[in-house]
Amino acid sequence: MITEKVKELLTEIDQSEVTTEEALETFRLRFISKKGVVADLFGSLKEAAPEDRRALGQTLNELKNRVQERFDKFSMKLEEGSSNDTESSVDLTLPVVPNQTGSLHPLTIVRRRIIEIFERMGFNVADGPEIETDWYNFGALNFPDNHPAREMQDTFFIEKGAGDVKDDVLLRTHTSNVQVRLMEHKKPPIRSIMPGRVFRNEAISARAHCIFHQVEGLYVDTDVSFKDLKDTLFHFAKEMFSKDSQIRLRPSYFPFTEPSAEIDVSCFICKGAGCNVCKYSGWVEIAGSGMVDPNVLSNCGIDPEEYTGFAFGMGIERIAMLRYGIKDLRFFTENDVRFLGQFKGA
């Protein structure tokens, strides 16, 4: 019975003609698929007499090979036909498509501009790991063990240490970890900026994101004063925004600096008259800053009796939003070419 069925199928296979993708799929479903007729015949082997199974198995294998051979032949023929159709459809009289240049991401543009400004002031660029231990991200920077930033709602913890908070592994929440590593391994004078990606466990909205970019700066030497900090950021504001820019410093608090200050720059859109960008105050916040806390210097092996320093940090997205009038932080990560294409030649 199986032998007769095989002969019928071989005749049907040899007489089959496949000229379309639909016909090829029909051929595959009938003969090759797990529910096809060849698979059914293999399943019926268990009903044959034991002494006949070997010969029947060989016959079915020949059938299976023949089916696969015909299927491969049909597939190749269709692929060659499709290739020929494509080549023949090319119209050489059509005008060429002009070259279209890409554009840099606005965050790349702003980052490069920030680096350029600070390099002219003698700062070099430093980098460090994004996956960090608690000590470099928090402990060395004077964060107490019970500081809210250590909690899960603010920090992405990767691995909890075995009873010692210093052993906790996390995604860095700021690039200050690079400052700590610099001070540990390099003697003053130190004058560096640290641009990079940081992570915080925050809900994504028009004004917040769980992944963003910062640039921090550090200057440690003998006789570094608060005036040096103010002059540095004043020069940065004039170079980044406008020659007419003014800055103001508002008292603030950061665990790693004392005294600390928020840095505001005069609104370069309304020139201080008041608009929706500056919330009608005439000022926009651009950075946090302060004198490096003596405890931080000591934690990094630097004598606070001999050296002083200042540090500052700002969000690159924040600067880009102000510079280009962007109102939604999510535009930077959605990769919409309509948005990115606006920065050609910027």
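The values are calculated or read from the model by the stated rules, or taken from the named source; none is laboratory data. Keep in mind that this is a model prediction, so the values were computed, not measured. No Cβ is skipped: glycine too gets one built from the backbone with ideal geometry, and neighbour counts run over all protein chains shown.
Scoring I115 on the criteria (1) part of a helix (DSSP H, G or I); (2) of a type outside the set (S, T, Y); (3) assigned by TED's automatic domain parsing to the domain that holds K243; (4) touching a helix residue (DSSP H, G or I) at 6+ places or on another chain (Cβ under 8 Å) leaves a single failure, condition (4). Among residues of segment 183-202 being under 24 Å from P148 (Cβ atoms) and surrounded by 18 or more Cβ atoms within 10 Å (Cβ to Cβ), the one that is modelled with the lowest pLDDT is R200. Considering segment 209-222, the residues that are over 16 Å from R111 (Cα atoms) and at pLDDT below 95 include one that is surrounded by the fewest Cβ atoms within 10 Å (Cβ to Cβ), namely C210. Considering the conditions (1) assigned to a helix (DSSP H, G or I); (2) charged (D, E, K, R); (3) more than 20 Å from D40 (Cβ to Cβ); (4) at pLDDT below 80, D91 is excluded by exactly one of them, (1).
Here is a yes/no grid of residues against (1) surrounded by fewer than 17 Cβ atoms within 10 Å (Cβ to Cβ); (2) under 30 Å from W135 (Cβ atoms); (3) of a type outside the set (S, T, Y):
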{"residue": "G313", "(1), (2), (3)": "no, yes, yes"}
{"residue": "Y324", "(1), (2), (3)": "yes, no, no"}
{"residue": "V337", "(1), (2), (3)": "yes, no, yes"}
{"residue": "G341", "(1), (2), (3)": "yes, no, yes"}
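On the given criteria, is S298 closer than 30 Å to F138 by Cα and either of a type in the set (D, E) or assigned to a helix (DSSP H, G or I) (or both)? Yes, satisfied.
When residues in segment 257-291 are screened for being over 16 Å from L322 (Cβ atoms), crowded, with 18+ Cβ neighbours inside 10 Å and touching a Gly at 6+ places or on another chain (Cβ under 8 Å), 5 of them pass.
Please tell me if S205 is assigned by TED's automatic domain parsing to the domain that holds M321, hydroxyl-bearing (S, T, Y) and within 23 Å of the chain's Cα centre (by Cα). In short, yes. With respect to (1) more than 22 Å from G139 (Cα to Cα); (2) in a strand (DSSP E or B); (3) modelled with pLDDT of 90 or more; (4) in contact with a helix residue (DSSP H, G or I) (Cβ under 9 Å, 6 or more places away or on another chain), the lone exception for V284 is condition (3).
Scanning segment 245-267 turns up at least one residue that is at pLDDT below 90, over 21 Å from R112 (Cβ atoms) and either touching a Lys or Arg at 6+ places or on another chain (Cβ under 6 Å) or assigned to a strand (DSSP E or B) (or both).
If the condition is being more than 14 Å from K5 (Cβ to Cβ), surrounded by 12 or more Cβ atoms within 10 Å (Cβ to Cβ) and under 56 Å from the mean Cα position of the chain (by Cα), then segment 30-56 contributes I32, S33. Please verify whether segment 224-243 includes one or more residues that are modelled with pLDDT of 95 or more, assigned to a loop (DSSP other than H, G, I, E, B), among the hydroxyl-bearing types (S, T, Y) and under 18 Å from the mean Cα position of the chain (by Cα). For segment 224-243, residues modelled with pLDDT of 95 or more, assigned to a loop (DSSP other than H, G, I, E, B), among the hydroxyl-bearing types (S, T, Y) and under 18 Å from the mean Cα position of the chain (by Cα): absent.
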